[in-house]
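K.L.:
Provided herewith is a single structure, encoded as structure tokens, for subsequent inquiry.
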Amino acid sequence: MIQIQESLESIKKITQDEKPMEFWSARDLMVILGYVKWQKFLDVIEKAKEACTISGQLAESNFLPTPVKSIGGRPKEDVYLTRYACYLVAQNGDPRKPQIALAQTYFATQTRRQELMQERELQDKRLESRAKLKNTESKIEGTVYERGIRTGVEFGTFKNRHIEALYGGISAVDLKKKKGIPPARALADFDTDVELRAKDFALSMTDHNIKQKNLHGHYQMTEEVVKNSKATRQTLLSRGIRPETLKAQADLKLLASRRNKELKAVVEKKRLG
């Protein structure tokens, strides 16, 4: 296992772009997986492409054809493969070859590791967006309080009109039922990153306009948040995003708690040396 891992890592290439991407040459991979004839390996690649499409991924984004000139000057066909494409190639390879079994294990492990890293990055983005939204909510609460929205009922109406305008007329209570969110919990703790950013944008515009237009009173400020939330919704719809259909995500309070425990563990480990 260690030997094939080193072999596969040794032929890995990385682009020099701003966001580097790793890839493998099918010609190089073919040799390590025990194939001699390109045409036979190309058959495996075609099966892997089909599997890629069936899984809902874009084959053209994972299997990149590229002509490479041979020593004699004649173009030699090749395909650049992402890590996921390599995993699919190994899954569709000849199971009688011992190299295939080892490669399957290697790429399955690496692919899962990459998925977990991507999942963590998405969670971190959501945590950052939630913190930013909390700051914006606190800011606008202070703004509307100074200008006439002071009772709990008035502020509750202000917030719900914002949600209704952003979610096509659905109230916060009904949204929680629709998405399976506990009634006592904040919607935003279960939002996607897109929803968190949309809410932050709509409320930031509202805070700015209330001050710029010197708005006062419940009616004027509520109308302003409705206009900005509707405008934000239209932007989402124009990009094919219907917020009310987005599924509830992992509880951000639980994620934040886990991150704090991880941080404390790291600090304690450093303290103990």
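The values are calculated or read from the model by the stated rules, or taken from the named source; none is laboratory data. Since we're looking at a predicted model, the values are computed, not measured. With ideal geometry, Cβ positions are generated from the backbone for all residues, glycine too; neighbour counts draw on all protein chains shown.
K.L.:
Out of Gln234, Gln249, I need the residue that is within 19 Å of Glu128 (Cα to Cα) and in the same structural domain as Arg197 (by TED's automatic domain parsing). Which one?
P.N.:
Residue meeting the stated conditions: Gln249.
K.L.:
A further question on this structure: If we scan the stretch 252-273, do we find a residue that is more than 27 Å from the chain's Cα centre (by Cα), over 30 Å from Glu119 (Cα atoms), at pLDDT below 95 and not small (Gly, Ala, Ser)?
P.N.:
Yes: one or more hits.
K.L.:
Related question: Find all pairs meeting these conditions: Cβ atoms under 7 angstrom apart; at least six residues apart or on different chains; first residue within the stretch 23-39 and surrounded by 16 or more Cβ atoms within 10 Å (Cβ to Cβ); second residue in a strand (DSSP E or B) and among the β-branched types (Val, Ile, Thr).
P.N.:
From the stretch 23-39, the pairs are Ala26/Val79.
K.L.:
Looking for something assigned by TED's automatic domain parsing to the domain that holds Ala131 and within 25 Å of the chain's Cα centre (by Cα) - is there at least one such residue anywhere in the stretch 217-229?
P.N.:
Here is the first cut: in the stretch 217-229, the residues assigned by TED's automatic domain parsing to the domain that holds Ala131 are 217-229.
With the extra rule that they be within 25 Å of the chain's Cα centre (by Cα), the set shrinks to 229.
So far as the stretch 217-229 goes, yes, one or more of its residues are assigned by TED's automatic domain parsing to the domain that holds Ala131 and within 25 Å of the chain's Cα centre (by Cα).
K.L.:
(1) surrounded by 20 or more Cβ atoms within 10 Å (Cβ to Cβ); (2) under 22 Å from the mean Cα position of the chain (by Cα): which one isn't true of Gly180, the others all being true?
P.N.:
Unmet for Gly180, out of (1) surrounded by 20 or more Cβ atoms within 10 Å (Cβ to Cβ); (2) under 22 Å from the mean Cα position of the chain (by Cα): (1).
K.L.:
State yes or no: is Asp193 of a type in the set (Asp, Glu), more than 28 Å from the chain's Cα centre (by Cα) and under 19 Å from Ser129 (Cα atoms)?
P.N.:
No.
K.L.:
While we're on this one: Do we have Val173 as under 18 Å from Asp124 (Cα atoms), in a helix (DSSP H, G or I), of a type in the set (A, V, I, L, M, F, W, C) and more than 22 Å from the chain's Cα centre (by Cα) here? Steps first, please.
P.N.:
Values: under 18 Å from Asp124 (Cα atoms): no; in a helix (DSSP H, G or I): yes; of a type in the set (A, V, I, L, M, F, W, C): yes; more than 22 Å from the chain's Cα centre (by Cα): yes.
Spelling it out, it is not the case that Val173 is under 18 Å from Asp124 (Cα atoms), in a helix (DSSP H, G or I), of a type in the set (A, V, I, L, M, F, W, C) and more than 22 Å from the chain's Cα centre (by Cα).
K.L.:
Give the stretch 215-270 a look and list any residue that's over 23 Å from Thr157 (Cβ atoms), of a type in the set (Gly, Ala, Ser) and not in a loop (DSSP other than H, G, I, E, B), or say none.
P.N.:
Ser238, Ala256, Ser257, Ala265 - these are the residues of the stretch 215-270 that are over 23 Å from Thr157 (Cβ atoms), of a type in the set (Gly, Ala, Ser) and not in a loop (DSSP other than H, G, I, E, B).
K.L.:
Within the stretch 99-123, work out how many residues are more than 13 Å from Leu8 (Cα to Cα), surrounded by 13 or more Cβ atoms within 10 Å (Cβ to Cβ) and under 20 Å from the mean Cα position of the chain (by Cα).
P.N.:
Of the residues in the stretch 99-123, 4 are more than 13 Å from Leu8 (Cα to Cα), surrounded by 13 or more Cβ atoms within 10 Å (Cβ to Cβ) and under 20 Å from the mean Cα position of the chain (by Cα).
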